[in-house]
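One structure is given here, and the rest of the page talks about it.
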Amino acid sequence: MASALSRRLRGVRGKLLRRYEHGPFVRCLTGLYGCRWRRCEKTQPGGGDCCCDKLEGASLALLVAAFCLTLVFLYFWAQAENDYNDFDWFNFGNLGFWFPWSVVLLVVAAGFFCYVTVLMLLAVCLLSEGQKLHLHWTHKVGVLVSLAFAAASTAVLSDLWGKEWTTLLLSFQMTAPYLHVGGVLLMTSLAWPVALHVFRMNSRARRGLVMGVYLTVLLLLYLVPLGLDSPCIKEEGSLGAAPALIGHRGAPMLAPENTLMSFEKAVEAGSVGLETDVTISFDGVPFLMHDYTLRRTTNVHEVFPNRTDAPAAMFTWAELESLNAGAWFLSHDPFGTAGSLGAAERQRAGNQSVCSLQLFLDLAAQTHQLVIFDLYRPPRGHPYRNSWIQRTLDVIHNESSVHSSQVLWLPSDLRALVQELDPELQQTSGSRLPVEELQDNHIVKLNLHYSSMSAALTSEYAAANITTNLYVISQPWLYSLAWCAGVHSITTNAPQLLGTLTSPLLLMTPDEYSQMWILTDVVSFVLICIIFCFHRWRERGLAFCSSSTAMQENGTYSMFKTEMIDIWSVSRPDCRTKMSSPCLPSEP
């Protein structure tokens with residue numbers, strides 16, 4: 001039984017020490033990578049110092065750079081989805097026509113990343129099979145185009161939309177635990193080809209360089225969790241209430257923005273407040289309009305073709321009432337959600353008109369909603385340029401049924417006078433100021449961009465009875481982060497989506513997180529050690545077998561084989577020719 005077990009162990013050892021040739025697989029790899037469907041060039045059996053010449057080495061370096069940069073840009077743009085609508089309307093304002101540029105950019109970035117990733121996988125597989133790299137010139141062009149696209153897109157967006165890098169940093173607070181596990185898994189899987197080539201290299205300098213780079217990256221990945229600071233990693237029971245939802249111009253994913261239908265949809269979705277933008281018409285009627293002109297959200301180009309670029313405030317209320325403020329929503333479909341509306345709702349959305357401030361406030365009074373609005377001062381030459389605040393207060397006090405305590409007063413102009421005229425208005429600031437200054441101005445709420453999110457600041461303001469509202473948050477991960485940070489309310493384009501979340505997407509205790517990343521690192525380290533030890537043992541075993549075979553070939557076995565050939569030749573002269581072969585020595 002012992003001898004049988006010994007034979008089995010020797011058989012297993014022999015299989016482990018055997019070099020397998022995967023001809024069809026290698027031909028497929030070389031064909032896809034270098035369009036060499038019939039040729040395979042192996043590195044030296046005993047180990048080589050280089051997998052390719054200098055030109056191919058440079059191509060490999062560009063491939064790695066393209067992979068890294070396209071990965072960064074794809075992650076950056078994917079996390080910027082919260083602001084896609086702003087990006088598309090920004091391009092509309094500059095180009096004059098509507099097109100979903102944000103989605104197109106995401107698809108193109110994903111395409112380039114997938115292409116470069118496939119080439120990277122092919123290169124790793126070829127190196128694992130001991131093949132030299134010969135990237136085809138068409139792939140070299142493709143890699144350069146991918147690299148140029150990622151670099152140019154990153155540079156342009158950084159210049160025009162640099163605040164999105166803050167969004168990227170915020171996203172790490174939610175995705176870092178998963179990115180850490182993915183990165184460690186990737187480096188663990190790369191241990192196989194790295195160890196294979198390290199133990200086949202003759203140059204100690206190159207061996208040390210490869211090992212140094214690999215171990216440095218691995219160590220950084222292992223230690224990344226030590227620098228993670230996420231509000232969603234907190235003690236059990238310390239999570240506060242979910243932030244209240246304020247509909248940004250209503251529910252603009254379900255109805256045309258700043259229309260009565262949009263605000264009704266926001267109330268139905270569970271909002272506790274409504275946000276809008278107020279402009280004063282030429283004859284003194286406050287109405288709802290975000291843009292400086294009417295070009296984006298009305299059919300002004302059809303009704304008043306000569307006044308397309310005129311300020312919205314320079315139209316009378318009768319002229320504004322004659323415009324359609326809903327058809328654009330169905331034709332442009334800015335959020336890709338118009339198709340979810342039924343036939344009756346589509347017809348209603350297409351017939352929406354410009355909404356007055358009075359109608360908006362009456363709806364808020366009937367549904368017990370808080371209201372917050374930006375108030376735009378009319379341009380020069382407007383009759384109400386110097387009395388726009390008083391005119392707005394007149395509507396609140398005398399023309400609508402809303403109570404002053406429902407209004408979060410955001411305009412900073414003449415704030416002291418407004419506070420004196422109506423102390424019940426909830427004074428709201430759009431600037432992050434010291435607590436003492438906010439208290440002196442009777443500020444009870446902050447309205448800040450979500451990039452200002454900070455658990456520490458939110459807690460500091462809350463201690464002074466100042467609540468925080470963040471705008472505009474429409475993605476579940478950002479809402480989850482605001483929830484964990486203790487934010488009191490958020491302005492959103494998607495109340496119908498965020499209202500369904502029952503808990504943050506990421507929530508764990510510090511102990512749970514520590515156990516997760518320590519276990520991941522330990523398992524990875526053990527697997528990498530096993531892989532490196534296996535390759536070291538295997539390469540030494542192969543070298544020993546090769547030297548033993550060479551000694552046998554040059555020693556007793558070779559002499560025995562020659563003598564047998566000579567004896568056979570003497571006894572059977574007619575077979576001498578048959579015995580001659582390139583592999584056996586013929587008689588001189």
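The values are calculated or read from the model by the stated rules, or taken from the named source; none is laboratory data. Keep in mind that this is a model prediction, so the values were computed, not measured. All Cβ positions, even for glycine, are placed from backbone atoms using ideal geometry, and neighbour counts span all protein chains on display. Please note that ligands, DNA and RNA were not included when accessible areas were found on the heavy atoms of the full protein model with its side chains. Shrake-Rupley method; radii C 1.70, N 1.55, O 1.52, S 1.80 Å.
For the reader, a short list of remarks on this structure follows.
- Test for T468: is it β-branched (V, I, T), touching a strand residue (DSSP E or B) at 6+ places or on another chain (Cβ under 7 Å) and in a helix (DSSP H, G or I): no
- Of the criteria (1) under 20 Å from the mean Cα position of the chain (by Cα); (2) closer than 30 Å to T298 by Cβ, which one V116 fails: (2)
- Taken over segment 515-541, the residue count meeting the criterion of being farther than 18 Å from Y214 by Cα and at pLDDT below 90 is 5.
- Within segment 61-89, being within 16 Å of V107 (Cα to Cα) and open to solvent by 60 Å² or more (accessible area, probe 1.4 Å) holds for L71, V72, E81.
- All of T428, T458 fail the test of being open to solvent by less than 50 Å² (accessible area, probe 1.4 Å) and touching a Lys or Arg at 6+ places or on another chain (Cβ under 6 Å), apart from T428.
- Pick from segment 431-450, criterion open to solvent by less than 10 Å² (accessible area, probe 1.4 Å) and in a helix (DSSP H, G or I), ranking: nearest to L408 (Cα to Cα): L438
- In segment 411-430, the residues that are in contact (Cβ under 8 Å) with a residue 60 or more places away in the chain and farther than 19 Å from Q369 by Cα never reach a residue that is part of a loop (DSSP other than H, G, I, E, B) and open to solvent by 80 Å² or more (accessible area, probe 1.4 Å) with C-beta atoms less than 9 angstrom apart, at least six apart or across chains.
- Check on V371, touching a residue at least 12 places away in the same chain (Cβ under 8 Å), open to solvent by less than 10 Å² (accessible area, probe 1.4 Å) and either part of a strand (DSSP E or B) or not aliphatic (A, V, I, L, M) (or both): yes
- Residues in segment 205-236 that are open to solvent by less than 80 Å² (accessible area, probe 1.4 Å) and part of a loop (DSSP other than H, G, I, E, B): L228, S230, P231, C232, K234.
- Within segment 275-290, being under 40 Å from the mean Cα position of the chain (by Cα) and open to solvent by less than 30 Å² (accessible area, probe 1.4 Å) holds for E275, T276, D277, V278, T279, F287, L288, M289.
- Qualifying residue in segment 133-146 (condition: in contact with a helix residue (DSSP H, G or I) (Cβ under 8 Å, 6 or more places away or on another chain) and at pLDDT below 90): yes
- In segment 17-60, residue modelled with the highest pLDDT [restricted to those that are open to solvent by less than 30 Å² (accessible area, probe 1.4 Å), more than 21 Å from L121 (Cβ to Cβ) and in a loop (DSSP other than H, G, I, E, B)]: G48
- Residue count for segment 374-418, restricted to those that are over 29 Å from M261 (Cβ atoms) and buried (at least 20 other Cβ atoms within 10 Å of the Cβ): 0.
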